[in-house]
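Structure first, then comments.
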Amino acid sequence: MKNQVRELRTEHGWSQVQLAETLGVSRQTVNALEKGRYDPSLPLAFRISAVFGLPLERIFFPSENDAPPSGGKR
């Protein structure tokens, strides 16, 4: 999954530490999110959405490697 966390954070003038404190996570978690090494839990994704005042789909979107939804069929 790709995201706009780094871009949004820098637009707001926040450090990784400031965003981490606001979200209640570690700076390492913010760093991993920004580098695409970590996909947030749904509750964390909603907190990120609330902090930036944007819908989830404006922050997170699938990458080329993400499998398409199967619709519950195999």
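A few points about this structure:
- Set side by side, the residues GLU57, GLU34 differ, and just one is acidic (Asp, Glu) and crowded, with 16+ Cβ neighbours inside 10 Å, which is GLU34.
- Of all residues making up region 13-34, the number that are of a type in the set (D, E, K, R) and farther than 16 Å from PHE52 by Cα: 1
- Within region 1-25, the set of residues being farther than 21 Å from ASP66 by Cα, under 14 Å from the mean Cα position of the chain (by Cα) and touching a residue at least 12 places away in the same chain (Cβ under 8 Å) comprises LEU8, ARG9, GLN16, LEU19, THR22, LEU23, GLY24, VAL25.
Values quoted throughout were computed directly from the atomic coordinates according to the rules given, and no laboratory measurement underlies them. These numbers were taken from a predicted model, which means no experiment stands behind them. Glycine also receives a Cβ, built like all others from the backbone with ideal geometry; neighbour counts cover every protein chain displayed.
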